[in-house]
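The values are calculated or read from the model by the stated rules, or taken from the named source; none is laboratory data. Small disclaimer: the values here were computed from a predicted structure and weren't measured. Note: ideal-geometry Cβ built from the backbone for every residue, glycine included; neighbour counts use all protein chains shown. Only protein heavy atoms, including side chains, enter the accessible area calculation; ligands, DNA and RNA are left aside. Shrake-Rupley method; radii C 1.70, N 1.55, O 1.52, S 1.80 Å.
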Amino acid sequence: VKKKTRNLSPISPSNIVYGMVIIVKEKMLVVELLEAFDPSDSSKEIVIGGSNAALPVFNVDRNYVRSLNDLFKIGDIIKAKVDSVSELGIELESKSDDSFGIIQAYCTVCRQPLKLVERVLKCSDCGSNESRKISSNYIIK
């Protein structure tokens, strides 16, 4: 009988995470973490256990961001990097790579998935145009 073992690891800085935006404030987001992985070792299974993380305004973009309400909406799925982990919680950043940001967004009018057309998010159901901090890995094009 061959014993199977899993290579479990706690979440740590430089891990890449996917999560859903659950709270949007002017200067900070709260993200429910859905999945995490270590880009240097894909065999590691990262334990996230229903964790939430914060994405402060100063870690969102290289350029000045006045309000996160303009770039993120509740329900958006994002890709980000873990910036720090402490007893106070997990802090994310999305400014160091173009692949970080929203990978799936939903219409604020009808909640249907938005399609990326020439750097603008468009709803094919109600015709709404929206803007977000879009990842270079946005899913629906």
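Counted as qualifying within the stretch 19-122 are the strands (runs of 3 or more DSSP E) with 1 or more residues that are open to solvent by 60 Å² or more (accessible area, probe 1.4 Å), closer than 21 Å to SER9 by Cβ and touching a residue at least 40 places away in the same chain (Cβ under 8 Å), namely 28-37, 77-86. Scan the stretch 8-18 for residues that are under 18 Å from SER135 (Cα atoms) and open to solvent by 30 Å² or more (accessible area, probe 1.4 Å) and the total you get is 2. Suppose the filter is at pLDDT 95 or above and farther than 17 Å from GLU93 by Cβ; does MET28 pass it? The answer is no for MET28.
Out of curiosity, is GLU35 at pLDDT 95 or above and charged (D, E, K, R)? Judged against the criteria, GLU35 is not a match.
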